[in-house]
């Protein structure tokens, strides 16, 4: 059944978030700080590893870089587009709306948890490739694997960032559900080259999420999301 992979992914995120929130209540603050640092380091290295895997090319006993111009222009053009639409502000506004509607108006961590978790589980090639496989062939395997990964990520995030992480299931459902529905229309454009570029730039954005977590910076990663589209259509 088309869409089953996304449904499983959404349910896994909700389950992971609920488990994280329940366990988070029992964890002392000093342990939460250590967990938060561990999360940040893990996300940083996921981003670094993914970026270098696409950026470095072995030539005999030496390495050279590839796709540098694509990466630079994708990040620059994508960031400009993101600022024009101010995606970061819109995500936070949606997070604030969710916070009020779900009775969590007094939860100071809610919006940060929602935005951080949403960016982490939405960015990446697995979401696009898995959704296309789901929509065209009814192959749920990639999204099932992603569901397990996302459940663990959101569970760990929720121990320190709270209930907002649970609602990252919403953008995942919207993104992957839309791609599944439109799979037959967009699949001719999702070439191996496009997915390589998307994964390359996506890893850089994940690294930026890690910087925000580790250094408490406020890089507007959401405003860089159009870079993924630029990368995917780069010739």
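Points to keep in mind about this one:
- Counting only residues that are within 24 Å of residue 235 (Cβ to Cβ) and either surrounded by fewer than 13 Cβ atoms within 10 Å (Cβ to Cβ) or touching a strand residue (DSSP E or B) at 6+ places or on another chain (Cβ under 9 Å) (or both), the range 81-91 holds 1 of them.
- Criterion (under 20 Å from residue 18 (Cβ atoms) and in a helix (DSSP H, G or I)) met by exactly one of 232, 169: 169
- Residue in the range 150-159 that is part of a helix (DSSP H, G or I), surrounded by fewer than 18 Cβ atoms within 10 Å (Cβ to Cβ), at negative phi and free of Cβ contacts under 8 Å to residues at least 60 places away in the same chain present: no
- Test: residue in the range 48-57 that is farther than 19 Å from residue 122 by Cβ and part of a strand (DSSP E or B): yes
- Restricting 166, 128, 123 to residues that are more than 21 Å from residue 202 (Cβ to Cβ), buried (at least 23 other Cβ atoms within 10 Å of the Cβ), in contact (Cβ under 8 Å) with a residue 12 or more places away in the chain and under 15 Å from the mean Cα position of the chain (by Cα) narrows the list to 166.
- Which listed residue, of 112, 134, is over 15 Å from the mean Cα position of the chain (by Cα) and either farther than 27 Å from residue 25 by Cβ or part of a helix (DSSP H, G or I) (or both): 134
- Subset tally (residues that are free of Cβ contacts under 8 Å to residues at least 40 places away in the same chain, in contact with a helix residue (DSSP H, G or I) (Cβ under 9 Å, 6 or more places away or on another chain) and not in a loop (DSSP other than H, G, I, E, B)) for the range 58-70: 2
- Residues being under 26 Å from residue 163 (Cβ atoms) and surrounded by 13 or more Cβ atoms within 10 Å (Cβ to Cβ) are entirely absent from the range 50-58.
- Scanning the range 137-149 for residues that are surrounded by fewer than 21 Cβ atoms within 10 Å (Cβ to Cβ) and at pLDDT 90 or above gives 139, 141, 142, 144, 145, 148, 149.
- Out of 227, 194, 231, sole residue that is over 14 Å from the mean Cα position of the chain (by Cα), within 17 Å of residue 77 (Cα to Cα) and buried (at least 23 other Cβ atoms within 10 Å of the Cβ): 231
- Any chance residue 31 is surrounded by 13 or more Cβ atoms within 10 Å (Cβ to Cβ) and either in contact (Cβ under 8 Å) with a residue 40 or more places away in the chain or on the phi > 0 side of the Ramachandran plot (or both): no
- Residues that are assigned to a helix (DSSP H, G or I) and either touching a residue at least 40 places away in the same chain (Cβ under 8 Å) or in contact with a strand residue (DSSP E or B) (Cβ under 7 Å, 6 or more places away or on another chain) (or both) within the range 179-192 comprise 179, 180, 181, 183, 184, 186, 187, 189, listed in sequence order.
The values are calculated or read from the model by the stated rules, or taken from the named source; none is laboratory data. Worth saying up front: this structure is predicted, and the values here are computed from it rather than measured. Methodologically, a virtual Cβ is constructed for each residue, glycine included, from the backbone with ideal geometry; neighbour enumeration extends over all protein chains shown.
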